[in-house]
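Have a look at the structure below before the remarks.
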Amino acid sequence: MPKNPGDEGTTGNLHKATDPQRSTEHEVAALEQQDQSRWRAFWDKYGSVELENKGSVARDHLALERTFLAWLRTSLSFASIGIAITQLFRLNTSLSDPAHKHHQRQSPQARLRHLGKPLGATFIAISIVMLFIGFHRYFEAQHYVIRGKFPASRGSILLVSVIAGALILSSLVVILVMAPTAFES
């Protein structure tokens, strides 16, 4: 029995507050539970979906997968173009005569070499954007198809068209404006 009525339960609270191992274990358990709920939310959103195959359900979902693979191929194409541009611009300047090192710095080939890496890196960055657009488009379309609707993809088509057009135009500007005589000699 406690000596003072106000002392009830204070020793238990004092013990909990001063025991760092208990509070640490409680914090770790809370963090693990939070991580598990994050993973559960992620897998609920992006995990497998089991649907009853009525009508064209299987055909529609397989078409979505083929469309995603087309986005993946487009992304890989942009990455390959970026690597090719970087290597070709490097190869073009490495074939020039090493005896004219001082003259080479002012030459159009040297200017192109410095533009090859940023232009190639831009194509590779765009390939990553294409992959994310395809990923988003796949899950968005799947979400709508499950509910019996289908979203028209105007936004992603417009975005990809603008990006591809800008890349083509910037490549043309680099080749024609920055070094018009680089490939003539």
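The values are calculated or read from the model by the stated rules, or taken from the named source; none is laboratory data. For clarity, every value in this text was computed on a predicted model and none was experimentally measured. With ideal geometry, Cβ positions are generated from the backbone for all residues, glycine too; neighbour counts draw on all protein chains shown.
Applying the criterion of being among the polar types (S, T, N, Q) and modelled with pLDDT of 85 or more to the residues of segment 57-94, the residue that is surrounded by the most Cβ atoms within 10 Å (Cβ to Cβ) is S75. Within segment 47-58, not a single residue is touching a Phe, Trp or Tyr at 6+ places or on another chain (Cβ under 8 Å), small (G, A, S) and assigned to a helix (DSSP H, G or I).
Give the residue that is modelled with the lowest pLDDT, with candidates limited to residues of segment 134-157 that are among the aliphatic types (A, V, I, L, M) and surrounded by fewer than 15 Cβ atoms within 10 Å (Cβ to Cβ). Within segment 134-157, the match that is modelled with the lowest pLDDT is A152.
Looking at segment 4-16, can you tell me whether even one residue there is at pLDDT below 75 and touching a Pro at 6+ places or on another chain (Cβ under 8 Å)? For segment 4-16, residues at pLDDT below 75 and touching a Pro at 6+ places or on another chain (Cβ under 8 Å): present.
Listed conditions (1) over 30 Å from V174 (Cα atoms); (2) modelled with pLDDT under 85 are all met by P98, apart from (1).
If only residues of segment 111-133 that are free of Cβ contacts under 8 Å to residues at least 40 places away in the same chain and crowded, with 18+ Cβ neighbours inside 10 Å are counted, the one that is nearest to S77 (Cα to Cα) is G120.
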